[in-house]
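The values are calculated or read from the model by the stated rules, or taken from the named source; none is laboratory data. If you're wondering where the values come from, they're calculated on a predicted model, not measured in any experiment. Here the Cβ positions follow ideal geometry from the backbone for every residue, glycine too, while neighbour counts run over all protein chains shown. Accessible surface is based on the protein model in full, side chains and every heavy atom, while ligands, DNA and RNA are left aside. Shrake-Rupley method; radii C 1.70, N 1.55, O 1.52, S 1.80 Å.
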Amino acid sequence: MMFTTRLLKVLLLMCFAYPIAAQTVVWNVQGIPDKLKEKAHAVIRTDENLLIVKNEGFLTRKKHTVITILDEEGLKYGHLYIDYNKLSKVTDLEGVLYDAAGNKLRKLKKEEINDIGNVSETNLFDDYRYKSVQFNYANFPFTVEYSYEVSDKRMAYYESWFPGDDTDDVSVQASSLQIEMPANMQLRYKEINGVASVEKSQNGANTVYKWKVSNLPIKAHEPYAPAWSERGPGVWTAPATFEMDGYKGDFSSWQKVGEFDNLLNKGRETLPPRVVNEIQTLVKGETSQEAKVKKVYEYLQQHTRYISIQLGIGGLQPFEASLVAEKGYGDCKALSFFTKAMLKTIGVESHYASIKAGEATADILTDFPAQQFNHVILCVPMPKDTIWLECTSQTNPFGYLSNFTANRHTLLATPTGGVLVKTPALSAKDNQVSRKVKMELGADGSAKAKIDANFKGIFYDDVVGLIHENNQEKTTTSLLKSFYLGNAHLSKIALQENRDKIPSVQIAFDADLKKLTSPSGSRLFVTPSIFYKEDGVPSSGSEPRTMDVELFNNISYNDEIEIQLPTYQAVEALPTDVSFTSKFGTFQVKYQLQGTKLLLTRKFTRNNGKYKANDFAELIDFYKKISKADRAQMVLKL
């Protein structure tokens, strides 16, 4: 939908353009402290960002950045992207290339600046373009210097500054953000994660705000760490009042942010009489509001498709509902608004809902009203519950929100303005894999198995594509990999989709395994937990844990495995039952020998949540205990 995510990433790299010709600094690689070179592929020597707000409708962004590329893996950090559209203009773009000693080699060539449109198969309408800049050079180490200026009317977006970003191979020698505000305008900002407090000064009648950092070494990768915007030092900034393409906005509260959405959407919900008649005929005879909403949602899926559209007003305004009806396509804004308009024709109220979407994506800052969103869904209040609609999918089950949008805050644009609420979370019972296996084990270690599995919630998201793609070869490959069946021969594969509000996919197949295990002399060693060939234990690393731990999604696994054993003289070893609980979840596995059959039941539940850095050792221990239990073997004397 909105270009927020893309713009934020680009704007983190924008602003402070002193002409390069005026620079006297020598960018010798020897000037980089040794600690900044450790494990680094590139070093940001300086990254100066300046935002000069002229008035509510216009600002200037300037940037001066110098990056030393240490090796081939750092080349991507010398590649600069600047986006612009009809509301912005890039000027004064300059670049200089330096050798390792800091000697100037040459200036940026015209052929090294590419102007690229943003049109693709799924992005047919977009007035955004990009300046893509990169020196054609690879004699390491070397340094690139860029400066440029952007005249900008995209006033809903100021700067969000997180020096170093979420990378584990770039260090920062110096970085700064400076914002200059006119006397009659307020700058809203939020300092987070220990960034040094703002330095304020005056430039005539204007107030200048400045933040800076220096000598930030490489941040070693740590498993399950929160996003950099949640743990790295930085600043969020936003306007209080602004004007964008003739629309006046106020972001001083979430109510005001929602009012701006309503203003952008005003007068755009009229539908053609043909569509109105089709919808009213479609729901005729339905007695419940939910049944009517479902009919409208199915109509949407059958008559429209998703494409990305980034036209005008910063990509914030949806197409008119009549245009979606005519063309049969739209982006998340347009399709959600089209659905809202259709529901209105049958007397069902709904709310346009802005959300920050993405799997394992950090939630918005709820105490900082701003344009923090990148997607739109639809909220349909019901007397006893609320229906949430993902309007961009032609296959999504009615009322289902996957981990793309579940369990996070969304801003409802209600008739009285914005209301911040949270989408439902998926429980461990919702996100569940259940498997039942009946297996015949041969004395030679071969096995024949009948497998029946159910993938629910987020696990449904992982496998439902196999049904829609209907590719037998791809399905077989996927099953072999996800069930750890090696080169087994699969047959009688059957997939069935259950489109409940928490949907699932039922998968059944037969597997012929030539070598599940191998005899050792007169003994056969069998690992009954056949689905857990990888231990899943996160790496502890060589350094002490410094970052908090964040586990996305509640999940659970339930397995029942029945193994018909070959003829044997004795069971020399049988795995013991294991059961334990921690703050991260629960685990239980039980074994029962019934004549010549071994029965295994395994249950594992993992909780989502945020935990302290010193809890990571306990998490590793939790997974190690599970891994040890899953590797347990029974020994048969043949």
- What is the calculated FRET efficiency for Ser540 to Ser520, with r their C-beta to C-beta distance and R₀ = 30 Å, to the nearest 0.05? 0.35
- Query: Ranked from highest to lowest mean number of other Cβ atoms within 10 Å per residue, what is the order of the peptides 477-489, 144-156?
  - Reply: 144-156, 477-489
- Expressed as a whole number of Å, what is the distance separating the alpha-carbon centroids of the range 322-338 and the range 597-618? 44
- Message: Checking the cross-link filter: which aspartates and glutamates have an alpha carbon closer than 17 Å to that of Lys590, excluding same-chain neighbours under 8 positions apart?
- Response: Asp559, Glu560, Glu562, Asp577, Asp630
- Note on the structure: Taking the reciprocal of mean 1/r across every pair of different Cα atoms in the range 473-615, the Kirkwood radius in Å is 18.7
- Å² per residue, accessible surface of the range 106-228 at 1.4 Å: 45
- Counting only residues 5 or more apart in sequence or on a different chain, those whose built amide H sits under 5 Å from that of Asn206 are none
- Query: Over all distinct alpha-carbon pairs, what is the Kirkwood Rh of the range 247-368 in angstrom?
  - Reply: 15.7
- Spacing of the two label points (7 Å from each Cα toward its C-beta) at Phe58 and Phe368, in nm: 2.9
- Item | Over 31 Å (Cα to Cα) - which of Lys292/Lys603; Lys39/Lys89; Lys104/Lys153; Lys429/Lys533 fall in this group | Lys292/Lys603; Lys39/Lys89; Lys104/Lys153
- Using only the alpha carbon atoms of the range 367-516, find the Kirkwood hydrodynamic radius as the inverse mean reciprocal pair distance, in angstroms to one decimal. 18.0
- Across all Cα atoms of the range 170-326, Rg and the largest Cα-Cα distance (Dmax), in Å, are 23.8, 70
- Around Leu516, which amide H atoms from residues at least 5 apart in sequence, or from another chain, sit under 5 Å from its own amide H, with H modelled in the peptide plane? Ser446, Ala447
- Message: Which of rounded, prolate or oblate describes the chain when judged by the alpha-carbon gyration tensor and an a/c cut-off of 1.5?
- Response: oblate
- Query: For the range 612-618, in order, what is each residue's ³J(HN,Hα) by Karplus, 6.51 cos²θ - 1.76 cosθ + 1.60 with θ = phi - 60°, in whole Hz (x at glycine and Pro)?
  - Reply: 6, 4, 6, 7, 5, 4, 5
- Enumerate the amide H contacts of Ala357 below 5 Å, restricted to partners 5 or more residues apart or on another chain; note that Pro and chain-start residues carry no placed amide H. Asn374, His375
- Mind checking the full-extension length gain between Gln30 and Thr601? Use 0.36 nm per residue of separation minus the Cα-Cα distance, one decimal, nm. 199.4 nm
- How big is the gap, in Å, between the Cα center of the range 510-579 and the Cα center of the range 419-439? 23
- What list of ³J(HN,Hα) couplings, whole Hz, do you get for the range 66-83 from phi and the Karplus terms 6.51, -1.76, 1.60, once you set θ to phi - 60° and write x for glycine and proline? 10, 10, 9, 9, 8, 7, 4, 5, x, 4, 4, 7, x, 9, 9, 10, 10, 9
- Send over the semi-axes of the range 82-237's equivalent ellipsoid, whole angstrom and largest first, taken as the square roots of 5 times the C-alpha gyration tensor eigenvalues. 27, 24, 20
- For a label point 7 Å along the Cα-to-beta-carbon line of Ala196, residues of the range 156-189 with backbone N under 19 Å: 161-165, 171-180
- Point-to-point label distance, Asp462-His489, nm (Cα→Cβ direction, 7 Å offset): 2.8
- Query: What FRET efficiency, computed as 1/(1 + (r/R0)^6) with R0 = 22 Å and r the Cβ-Cβ distance, is obtained for Glu440 and Gln633, rounded to the nearest 0.05?
  - Reply: 0.75
- Using a 1.4 Å probe on the protein chains only, how many percent of the accessible area of the chain belongs to carbon and sulfur? 48
- Task: Measure off 7 Å from each Cα along the Cα-to-Cβ vector at Asp99 and Thr581, then give the distance between these two points in nanometres to one decimal.
- Result: 6.9
- Query: For the range 402-478, what number results from the quotient of the Cα radius of gyration and 2.2 N^0.38 Å?
  - Reply: 1.76
- Query: Given a Förster distance of 60 angstrom, what is the FRET efficiency for Glu278 paired with Lys450, based on the Cβ-Cβ distance and rounded to 0.05?
  - Reply: 0.80
- Return the calculated 222 nm mean residue ellipticity for the chain, to the nearest 500 deg cm²/dmol, obtained by summing -39500 (n - 2.57) across DSSP H runs with n ≥ 4 and dividing by the residue count. -5000 deg cm²/dmol
